[in-house]
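Please treat every number below as a calculation from the coordinates, not as lab data. A quick note: this is a predicted structure, and the numbers were derived from the prediction, not measured. Glycine gets a Cβ as well: all are built from the backbone with ideal geometry, and neighbour counts include every protein chain shown.
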Amino acid sequence: MPEAGVAAKGLGRAVIFLGPPGAGKGTQARQIAESYSVPHLSTGDMFREHVSRGTPLGLRAKPIMERGELVPDDLVLSMVEERISRPDCADGFILDGFPRTLPQAEKLDEILRKRFKTQPVVVHFVVDEKQLMRRLTGRRTCAMGGEIYNIYDHPPKVPGRCDRDGGELMQRPDDREEVIAERLAAYERQTRPLVDYYCGRGVLKDVDGMAAPAAVTKNVLQLLAQKK
Ligand code: AP5
């Protein structure tokens, strides 16, 4: 089993991080992807990049994301399919924030069947709602390297600055309380059904997302090592 921060080579499969907004998917995906030297594919980060570059896709996604709703499946799917087809995904990858609807999950199945002999592993982060609200309102993200902080539980050494590269720490526009409520509702409506979908196929593993970040990382690494 690779230690956090010690690179192993490849996962040989897709690993899906599933859980509500603020469950810690992004925090863990960064660590685990580094440990296995595989790409971390975050659809939220991809959309935010399109928004900041002002691409046609970004212009369509921006108002939807600001309302806390999900971007339509067709837009998500073409973006993800293109990304997964790149050579760096050949040894496996971590999906963070995708799939989020049943049609997305079904399309992903189709893509993965052609790509890997092994089934994906779905890591389901379980966190209660009060904690999700605290995490999301307190989150700050480095504008340069994407490092994730929390002003309550994981503050930077210098307020407003990233410990790693000194970049400015920003609050996401969708981390306002009223938008968070809509994001949580969208999760319950459209994404929670995927828990049953993957459970029924025997590939879902629950992880206690309430534990400290390092303990969660250890649990996820153990779980993936068992699946090798
Ligand atoms: P996206 O960027 O995917 O957001 P999300 O799923 O709502 O998830 P978050 O990034 O908010 O939370 P996270 O679980 O990654 O938590 P994090 O590690 O940052 O999506 C944004 C939008 O894009 C969507 O609303 C939608 O519009 C669109 N979109 C994206 N993908 C889509 C798709 N597939 N289909 C349609 N639309 C899509 O942690 C949160 C905070 O908690 C941080 O401050 C962190 O420091 C802290 N924290 C983390 N772990 C712990 C811990 N163990 N203990 C204490 N604090 C912790």
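Points worth noting:
- For the range 126-184, a residue qualifies if it is touching a strand residue (DSSP E or B) at 6+ places or on another chain (Cβ under 7 Å), among the polar types (S, T, N, Q) and within 8 Å of the ligand (Cβ to nearest atom), and the qualifying residues are T141, N150.
Residues are listed down the side, and each one gets a yes or a no for (1) in contact with a His (Cβ under 9 Å, 6 or more places away or on another chain); (2) outside any helix (DSSP H, G or I); (3) crowded, with 22+ Cβ neighbours inside 10 Å:
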{"position": "G26", "(1), (2), (3)": "yes, no, no"}
{"position": "I32", "(1), (2), (3)": "yes, no, yes"}
{"position": "E49", "(1), (2), (3)": "no, no, no"}
{"position": "L57", "(1), (2), (3)": "yes, no, no"}
{"position": "E66", "(1), (2), (3)": "no, no, no"}
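- Close pairs from the range 32-58: first hydrophobic (A, V, I, L, M, F, W, C), partner assigned to a strand (DSSP E or B) and within 11 Å of the ligand (Cβ to nearest atom), Cβ under 6 Å, at least 6 apart: A33/H40; L41/L95
- Residue count for the range 21-47, restricted to those that are of a type outside the set (G, A, S) and within 7 Å of the ligand (Cβ to nearest atom): 7
- Residue that is surrounded by the most Cβ atoms within 10 Å (Cβ to Cβ) [pool: residues in the range 206-217 that are in a helix (DSSP H, G or I) and in contact with a Gly (Cβ under 8 Å, 6 or more places away or on another chain)]: V216
- Filtered residues of the range 185-205 (kept if more than 14 Å from the ligand (Cβ to nearest atom), surrounded by 14 or more Cβ atoms within 10 Å (Cβ to Cβ) and of a type outside the set (K, R)): V195, Y197, Y198, C199, V203, L204
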